[in-house]
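Worksheet: one structure, shown below.
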Amino acid sequence: MLDALLGKTRRVSLWLTWFAGILIVGSAFLVTTEVILRKLFNVSLGGADEISGYAFGVATTLSLSYALFERAHIRVDALVGVMPNWLRTPVNFFGLFLLVSFAGIVVTMIWSLVMDTLEFNSRSITPMRVPLAIPQIPWMLGWMFFVFSGCLIGLAALQRWIKRDHSGVQDLIGVKSLDEQIQDETV
């Protein structure tokens, strides 16, 4: 059951990453259009930089979970390669714990921010006067999904560790080997 939920969560994270990519590409087109209009016709759409900033923030958080599934988050893993095998798994669990804990703290801070934004009906201090809850809520949801995914991955890795499936644990939370990285590049 846990593996099925893990698979569904991974698929959702992939869809969110595709949506994030669409946001980034859409922002690029918006900014490009803005630059061309200003250069050729001395006309501005107004707010392209603001909208693209919101899109970038939301896109980043929507992609965090997929990066976790792909083991693509940056780690300082210089010592992992020289550690004995029995120590690598606890170190990987500790690293995941630290990452998810940090994200959990970020979520609690964002939650407070969004609640204040909603309570005071805060708006951007730009001519667009965007209600700040509009970009903040999807931004917060991306962080929340990241924490959920991290907890789920941790539980699945723990289940595999209990079953003594060390390669399964490595596939979930371990540092990618050089061979895995090369294989990812060729696919």
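Observations on the structure shown:
- For Gly7, the criteria (1) closer than 18 Å to Met128 by Cα; (2) surrounded by fewer than 14 Cβ atoms within 10 Å (Cβ to Cβ) hold in every case but one, which is (1).
Here is a yes/no grid of residues against (1) in a helix (DSSP H, G or I); (2) modelled with pLDDT of 95 or more:
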| position | (1), (2) |
| --- | --- |
| Leu30 | yes, yes |
| Thr33 | yes, yes |
| Val43 | no, no |
| Gly57 | yes, yes |
| Thr60 | yes, yes |
| Leu87 | yes, no |
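- Whichever residue in region 153-187 is without any contact (Cβ under 8 Å) to a residue 12 or more places away in the chain and of a type in the set (A, V, I, L, M) and, among such residues, is surrounded by the most Cβ atoms within 10 Å (Cβ to Cβ): Ile182
- From Val82, Val100, residue being over 16 Å from Trp143 (Cβ atoms) and out of contact with any His (no Cβ under 9 Å at 6 or more places or on another chain): Val82
- The set of residues from region 124-149 being among the β-branched types (Val, Ile, Thr), more than 11 Å from the chain's Cα centre (by Cα) and closer than 26 Å to Leu68 by Cα comprises Ile134, Ile137.
- Number of the exception - Ala67 against (1) surrounded by 19 or more Cβ atoms within 10 Å (Cβ to Cβ); (2) under 29 Å from Leu96 (Cα atoms): (1)
- Residue pairs whose Cβ atoms lie under 8 Å apart, separated by 6 or more positions or on different chains, with the first residue in region 95-122 and modelled with pLDDT of 95 or more and surrounded by fewer than 16 Cβ atoms within 10 Å (Cβ to Cβ) and the second not charged (D, E, K, R) and not in a helix (DSSP H, G or I), are Asp116/Ser122; Asn121/Pro131.
- Every condition in (1) at negative phi; (2) over 19 Å from the mean Cα position of the chain (by Cα); (3) surrounded by 16 or more Cβ atoms within 10 Å (Cβ to Cβ) holds for Gly47 except the one numbered (1).
The values are calculated or read from the model by the stated rules, or taken from the named source; none is laboratory data. Predicted, not measured: the structure shown is a model, and the values here were computed from it. No Cβ is skipped: glycine too gets one built from the backbone with ideal geometry, and neighbour counts run over all protein chains shown.
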